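Undergrad: Starting off with a structure, shown below.
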Amino acid sequence: MPRYRWETEEHDLFRESLRKFLEKEAVPHYEQWEHDRLIPKSFWKKLGEMGFLCPQVEEKYGGLGLDFSFGVVIEEEMERVGAGLTGVGLHNDIVVPYIEAYGTEEQKKRFLPGCVTGDLITAIAMTEPGTGSDLANIRTTAIKDGDHYIVNGQKTFITNGINTNLALVAVKTDPKAEPKHRGVSLLLIEEGTPGFTKGRKLDKVGMYSQDTAELYFEDCRVPATNLLGEEGKGFKYMMEKLQQERLTVAIGAQTAMEDMLEITLDYVKSREAFGRPVAAFQNTQFKLAELATEAELGKAFLESLIADHLEGKDIVTKVSMAKYWITETARKAAAECMQLHGGYGYMEEYKIARWYRDIPVMSIYAGTNEIMKTIIAKNMGLSGGRKA
Ligand SMILES: Cc1cc2nc3c(=O)[nH]c(=O)nc-3n(C[C@H](O)[C@H](O)[C@H](O)COP(=O)(O)OP(=O)(O)OC[C@H]3O[C@@H](n4cnc5c(N)ncnc54)[C@H](O)[C@@H]3O)c2cc1C
């Protein structure tokens, strides 16, 4: 049964082979990766060998030339294993598309093949200790010095921060620009560039296996040829590419919601209290009926949203709605499903416990849900909303 109406037999086969691959190469090791707080680079290489990294990249750069719909399949199958695999989706559908869209031919030839094979693991570094939501206010500077930029500053909460060997970094090339966002540019900074160091692996509440880190730049000399697109256009590029990022977060939350529903249905049917299955209590039935309804609503919304995105339509308002509503609904569902598991729901060996701590961050990253609402309000013509 296809997940979405727009899926073809090709998607089915792709999904099936990815699922089999993950059952062998990810599921048995996932607990260890959670423990290590890191996914080994060897797993990335295996993904690359199988064609599961950046399948959208053009064939001439080593990709399969597929569209984002195959990225959706990858997002969903990874999420079913665990939210700790989010870094792969970030590489495939968030960072690499910047290089595809704004890179020069030389940059594409240099970087894209490695992104497809898994030799290059990308990260995007926008957030700083002093600013996250207000991206125009970043402090990291990149000042031109001949044919280099000298980069100084610090980034934090960077997904793939430990594993990355190619970071796309938001910098201020014109710190005095007014309005401020006009001073923002994007630089591709490679591991090994003198002055670029990685900080500690951050200790998170959940998503353990996804490495999140600080990045430091101290008089870091980056060749000017590593500028992505044009100087001063970085903010515009981010606003464009954040739409697909928000869509992937909504897809992850939807997958989580469906998985939680499935595991909780199984649990309440097998667990007994007062001589009856927990499923027989009206409270259980109502809670799960509500959750199933919300899962259907989320799926229908995503189905049309993904189709619009594939057709290249403007999805800014609707993707902000989907990101906010689906992540919020999944967060509430995690608490309800944990409750229905009783004490076992609080035990690490039950998957619902992991969802409970992995899901809340989805309301925070890729633009907080509050920021999503300011975008929706602004686009409804309400004054005081944030410019989308
Ligand atoms: C696990 C994890 C992974 C991440 N990965 C990355 C990554 O790969 N790359 C990257 O660059 N960043 C990443 N981030 C950072 C993330 O995008 C930011 O944390 C997020 O954008 C919020 O920024 P902040 O933490 O500075 O919060 P703040 O901006 O300080 O916000 C604090 C609170 O104020 C609210 N707020 C702020 N402005 C407004 C407003 N105008 N109206 C109403 N409320 C408002 C926020 O919604 C929030 O509730 C990651 C974060 C986490 C936790």
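Let's see how each residue does on (1) outside the structural domain of residue 240 (by the TED database); (2) surrounded by fewer than 20 Cβ atoms within 10 Å (Cβ to Cβ); (3) not polar (S, T, N, Q):
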| site | (1), (2), (3) |
| --- | --- |
| 110 | yes, yes, yes |
| 114 | yes, yes, yes |
| 129 | yes, yes, yes |
| 132 | yes, yes, yes |
| 135 | yes, no, yes |
| 140 | yes, no, no |
| 145 | yes, yes, yes |
| 148 | yes, yes, yes |
| 151 | yes, no, yes |
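Undergrad: State the number of residues belonging to the stretch 1-18 that are surrounded by fewer than 17 Cβ atoms within 10 Å (Cβ to Cβ), assigned to a helix (DSSP H, G or I) and not aliphatic (A, V, I, L, M).
TA: Residues in the stretch 1-18 being surrounded by fewer than 17 Cβ atoms within 10 Å (Cβ to Cβ), assigned to a helix (DSSP H, G or I) and not aliphatic (A, V, I, L, M): 5 in total.
Undergrad: Please state which of the following conditions residue 240 fails to meet, knowing it meets all the rest: (1) in a helix (DSSP H, G or I); (2) open to solvent by 50 Å² or more (accessible area, probe 1.4 Å); (3) among the charged types (D, E, K, R); (4) over 30 Å from residue 106 (Cα atoms).
TA: (4)
Undergrad: Being in a helix (DSSP H, G or I) and more than 20 Å from the chain's Cα centre (by Cα), is that true of even one residue in the stretch 64-81? Please lay out each step first, then the result.
TA: Narrowing the stretch 64-81 to residues in a helix (DSSP H, G or I): 68-81.
After this cut, where a residue has to be more than 20 Å from the chain's Cα centre (by Cα) as well, the list is none.
Among the residues of the stretch 64-81, not one is in a helix (DSSP H, G or I) and more than 20 Å from the chain's Cα centre (by Cα), which makes the answer no.
Undergrad: Kindly indicate which of 366, 322 is part of a helix (DSSP H, G or I) and either within 22 Å of residue 205 (Cβ to Cβ) or not polar (S, T, N, Q) (or both). Talk me through it step by step, then tell me what you get.
TA: Numbers: 366 fails: part of a helix (DSSP H, G or I).
Every option except 322 fails the conditions.
Residues checked against (1) modelled with pLDDT of 95 or more; (2) touching a helix residue (DSSP H, G or I) at 6+ places or on another chain (Cβ under 6 Å); (3) away from the ligand (no atom under 12 Å from the Cβ):
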site	(1), (2), (3)
358	yes, yes, no
362	yes, yes, no
369	yes, yes, no
377	yes, no, no
383	no, no, yes
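Undergrad: Can I ask one more? So which residues in the stretch 243-271 are open to solvent by 60 Å² or more (accessible area, probe 1.4 Å) and either under 20 Å from residue 361 (Cβ atoms) or not assigned by the TED database to the domain that holds residue 306 (or both)?
TA: none
Undergrad: How about the stretch 137-160: which of its residues are within 12 Å of the ligand (Cβ to nearest atom) and either outside any strand (DSSP E or B) or over 26 Å from the mean Cα position of the chain (by Cα) (or both)?
TA: Listed by number, the residues that qualify are 137, 138, 140, 160.
Undergrad: From (1) under 30 Å from residue 34 (Cα atoms); (2) surrounded by 17 or more Cβ atoms within 10 Å (Cβ to Cβ), pick out the condition that doesn't hold for residue 374.
TA: Condition not satisfied by residue 374: (1).
Undergrad: Kindly indicate whether any position in the stretch 347-354 is farther than 14 Å from residue 206 by Cα, at pLDDT 95 or above, within 18 Å of the chain's Cα centre (by Cα) and more than 15 Å from the ligand (Cβ to nearest atom).
TA: The answer is no, given that none of the residues of the stretch 347-354 is farther than 14 Å from residue 206 by Cα, at pLDDT 95 or above, within 18 Å of the chain's Cα centre (by Cα) and more than 15 Å from the ligand (Cβ to nearest atom).
Undergrad: May I ask you to list the residues in the stretch 161-212 that are surrounded by 17 or more Cβ atoms within 10 Å (Cβ to Cβ), more than 14 Å from the ligand (Cβ to nearest atom), polar (S, T, N, Q) and not in a loop (DSSP other than H, G, I, E, B)?
TA: If the condition is that a residue be surrounded by 17 or more Cβ atoms within 10 Å (Cβ to Cβ), more than 14 Å from the ligand (Cβ to nearest atom), polar (S, T, N, Q) and not in a loop (DSSP other than H, G, I, E, B), then 185 is the only one that fits.
Undergrad: Further question on the same structure: List pairs: first residue in the stretch 277-288 and assigned by the TED database to the domain that holds residue 336 and surrounded by fewer than 18 Cβ atoms within 10 Å (Cβ to Cβ), second residue at pLDDT 95 or above and among the charged types (D, E, K, R) anywhere in the structure, Cβ distance under 8 angstrom, at least six positions apart or on different chains.
TA: Final answer for the pair search is 277/269; 277/271.
Undergrad: Report, ordered by the first and then the second residue, all pairs with beta carbons closer than 7 Å, sequence separation of six or more or different chains, a first member in the stretch 358-374 that is without any contact (Cβ under 8 Å) to a residue 24 or more places away in the chain, and a second member that is open to solvent by 10 Å² or more (accessible area, probe 1.4 Å).
TA: 374/385; 374/386
Undergrad: Being surrounded by fewer than 15 Cβ atoms within 10 Å (Cβ to Cβ) and of a type in the set (D, E, K, R), is that true of even one residue in the stretch 349-359?
TA: Here is the first cut: in the stretch 349-359, the residues surrounded by fewer than 15 Cβ atoms within 10 Å (Cβ to Cβ) are 349.
Keeping just the survivors that are of a type in the set (D, E, K, R) gives 349.
Yes, there is a match, as at least one residue in the stretch 349-359 is surrounded by fewer than 15 Cβ atoms within 10 Å (Cβ to Cβ) and of a type in the set (D, E, K, R).
The values are calculated or read from the model by the stated rules, or taken from the named source; none is laboratory data. Computed from a predicted structure; not experimentally measured. A quick note on method: Cβ atoms are made from the backbone with ideal geometry, for glycine too, and the neighbour counts reach across all protein chains shown. Surface areas here come from the heavy atoms of the whole protein model, side chains and all, with no ligands, DNA or RNA. Shrake-Rupley method; radii C 1.70, N 1.55, O 1.52, S 1.80 Å.
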